[in-house]
Amino acid sequence: MAGSKCTRLNGALIKQVLDSVDSVLFDCDGVIWRGDTAVPGASEVINLLKKHGKNVFFVTNNSSKTRKLYAQKMERMGFNVKEEEVFGTAYCSAMYLKTVANFKGKVYLIGSNALKQELEDVGIQQTGVGPDHISGMQSDWANVPLDPEVKAVVVGFDEHFSYMKVNRAMQYLNDPSCLFVATNTDTRLPLEGGKAVPGTGCLVRAVEMAAQRQAQKVGKPNGFMVDCVASQFDLDRGRCMMVGDRLDTDIMLGTNCGLKTVLTLTGVNTLEDAQAHQGSGCPERHKMVPDYYMESIADLLPALQG
């Protein structure tokens, strides 16, 4: 399948590409759904891929749900999915701390109840979930009480994000031995109708600036998410395809891990974005150029139904 990158995936080429892979990794937001609305035809594509014997996995940078909650959401939308096929950054962050960092201690968590649950499921205790209201004067903020058992700060999506949480994280991170982990750095979360809301990356950047430290990022484009899948399933990266809507996370992940890559135009990035990277002459930007693109994953339906 030699040829130029950023090729339109249609016609006979779809079957040729599908025949060359055993496993397909899908991003979720902007690919199989937008907000709480499934992309038309997405569930049929997923279910038919499985019927054709393909391994299907879901790798999402969104840390607001546990694997179980994601599987339940997909089932309601008509997707045939098992919990163990879902790899969100809440779960992967917990696995990173447990298996890579060999973490011992408590986590100060800027994040959701889902992230709290995934941490606790691997035996890691946390503090910090929920509102943290401001009180006192600046001298009080600089001397805010800290839990001596906290040995890591983890930042994920947090609807209660606040100045005091940034401050508390900064005080923990003043200790250079305190680990600093972020679920992902997505700046925007696409919704139906072209709308969007701020993503976890906005929160991570605020803490990084305050702490004057860089977080270890678990989510895409970091290859750890693919490592997570490969540690639990037989994954031949040479026969694996990544499908996503973001060039700087999904497509770069695929490039970094040696996977075939497909951009779908139902989410964040456009074909023009990909072509701009392709023509940039910059090796780093070339990592964000997909092998193929399609309007929607529903474009795969004719080949799967034939």
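The values are calculated or read from the model by the stated rules, or taken from the named source; none is laboratory data. Note that this is a predicted model, so its numbers are computed, not measured. Counting neighbours? That spans all protein chains shown, and the Cβs are built from the backbone with ideal geometry, glycine included. These area figures cover heavy atoms from the full protein model, side chains too; ligands, DNA and RNA do not enter into them. Shrake-Rupley method; radii C 1.70, N 1.55, O 1.52, S 1.80 Å.
The table below lists the values:
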item: Residue within segment 7-15 that is among the hydrophobic types (A, V, I, L, M, F, W, C), surrounded by fewer than 16 Cβ atoms within 10 Å (Cβ to Cβ) and out of contact with any Phe, Trp or Tyr (no Cβ under 6 Å at 6 or more places or on another chain) present; result: yes
item: Verdict on Val31 being touching a helix residue (DSSP H, G or I) at 6+ places or on another chain (Cβ under 8 Å), buried (at least 23 other Cβ atoms within 10 Å of the Cβ), part of a strand (DSSP E or B) and modelled with pLDDT of 95 or more; result: no
item: Of all residues in segment 72-110 being under 30 Å from Glu44 (Cβ atoms) and of a type in the set (A, V, I, L, M, F, W, C), the one that is surrounded by the fewest Cβ atoms within 10 Å (Cβ to Cβ); result: Met77
item: Residue selected from segment 111-133 under the condition of a type in the set (A, V, I, L, M) and open to solvent by less than 30 Å² (accessible area, probe 1.4 Å), by the criterion farthest from Glu159 (Cα to Cα); result: Ile124
item: Unmet criterion (only one of (1) over 16 Å from the mean Cα position of the chain (by Cα); (2) open to solvent by 60 Å² or more (accessible area, probe 1.4 Å); (3) farther than 30 Å from Ser20 by Cα) for Ala211; result: (2)
item: Restricting segment 254-303 to residues that are farther than 22 Å from Gly193 by Cβ and acidic (Asp, Glu), the residue that is surrounded by the fewest Cβ atoms within 10 Å (Cβ to Cβ); result: Glu284
item: Pairs with Cβ under 7 Å, 6+ apart, first in segment 96-124 and of a type in the set (Asp, Glu), second assigned to a helix (DSSP H, G or I); result: Glu118/Ala90; Glu118/Tyr91; Glu118/Ala94; Asp121/Ala94
item: Filter result for Leu203 (at pLDDT 95 or above and open to solvent by less than 10 Å² (accessible area, probe 1.4 Å)); result: no
